[in-house]
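Since every read-out is calculated from the coordinates, none of them should be taken as a lab result. A quick note: this is a predicted structure, and the numbers were derived from the prediction, not measured. Here the Cβ positions follow ideal geometry from the backbone for every residue, glycine too, while neighbour counts run over all protein chains shown.
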Amino acid sequence: MAVAAIDVEVALKRAEHAVTRFQEDQTGAVSVAAFHSGGLAVFGPLIAALDVRGQPDVMLSDFDVSQERFPQLTSDHDLVLAHRLVGSPPWPGSVHVEPLLFEPLDLALRRDHVLAAKTSIEAADLVDERWVAVQDGFPLSHAITMIASIGGNEARIAHRINEFRVAAAVVAASGCVALMPRYTTDLRDHPDLVLRPLVNPGLGRYIDCLTRPETRERSNVKIVLSAIKAIATSLTK
C-alpha cells in the first residue's frame, strides 16, 4: 500500500504540473465564436492584433442562434461573443460573463425617406412603415414589437432577414425600414442608407463575452480576451 501511495502521489504531481503548464501556455490556440455582426466587427481586428510572434493562435466561428443558445456554445468554444436585448433575462450562472459594450439600436432607412430628415425617430413616426425584421425568437424581433406597441399599433413585417448586410440591401431596394446596431453595422456598401437614433434611449443590446469558469484561467485565453475588450472599446469611439 505504501508503494501504491507513492505511485498515486507521483501521478497527482504530474497531473498538477501538466495542468499548470496548460494554464500558463500563452501560445496555444483559442477558439472564439461570435454572432454575425459581432464577428464582422471583431474577427479581422483580432487577427491583426495577434499577428505577432509569441501570441496565441485563434480559431474563429460565427453562429446565428437565438439568445438562449449562446451559453451552450461555451461547451465547444473558449470565448463566445453573445448579445442580449435590454430587459431580457440575464445569462445563466453557469457561465462567466465579461461585459464588452452596450450598443444602441438605430433605424436604418434610405436617405430619400421622409424620416431621414429627422435627427431622431419616435415610435409614432413608424406607424405606417414596413419593416425588415429578424426571424422570430431572435433578440431584435422583440425590439420591433416594443417599438410598435409604444406607437400604438402592430409592426408591419414585410421581410425577415437575420444578416444585417442582406437586410441593408433590402432596405435600399424596397424603402422599408430596419433596426440595426449602431457600432457593428457596416453600411459602406450602401451609401444611400443612413442610421437615425430612436427617441427611446434604452433600446439596445448588451454585447458580452461568455466563457466557462475554468477556461478563463488560461493565460492564452486571457490574452485573447484582453484584445477583444480593446477592440470592443474602439468601436464606440
- Item | Acute angle (nearest 10 degrees) that the helix 36-49 long axis makes with the longest principal axis of the chain, alpha-carbon atoms | 50 degrees
- Query: Which FRET efficiency value, to the nearest 0.05, do you get for D51 and D192 by plugging their Cβ-Cβ distance into 1/(1 + (r/R0)^6) with R0 = 35 Å?
  - Reply: 0.50
- For the chain, give the share of DSSP beta bridges that are antiparallel, in percent and rounded to the nearest 5; count only bridges with both residues there. 60 percent
- Query: What is the set of long-range amide H partners of D106 at a cut-off below 5 Å, with H atoms built 1.01 Å from backbone N?
  - Reply: M180, R182
- Message: Just want to confirm a number: the relative contact order over the chain, from Cα pairs under 8 angstrom separated by 6+ residues, in percent.
- Response: 31 percent
- Item | 0 to 90° range, to nearest 10: angle between helix 164-174 axis and the chain longest Cα axis | 10 degrees
- Pull out the extension gain between A29 and H96, defined as 0.36 nm times the separation in residues minus the alpha carbon to alpha carbon distance; nm, one decimal. 22.1 nm
- On a 0 to 90 degree scale, rounded to 10, what angle separates helix 2-24 from the longest Cα axis of the chain? 30 degrees
- Query: Applying the Karplus parametrisation 6.51 cos²θ - 1.76 cosθ + 1.60 with θ = phi - 60° to the phi angles of segment 84-99, what ³J(HN,Hα) value in whole Hz is obtained for each residue in order, glycine and proline being reported as x?
  - Reply: 9, 6, 4, x, 7, x, x, 5, x, x, 6, 10, 7, 10, 10, x
- Query: Percentage of Cα-Cα pair distances in segment 129-177 greater than 18 Å, rounded to whole percent?
  - Reply: 25 percent
- Query: In which sequence would I231, I147 go, from the one with the fewest C-beta neighbours within 10 Å to the one with the most?
  - Reply: I231, I147
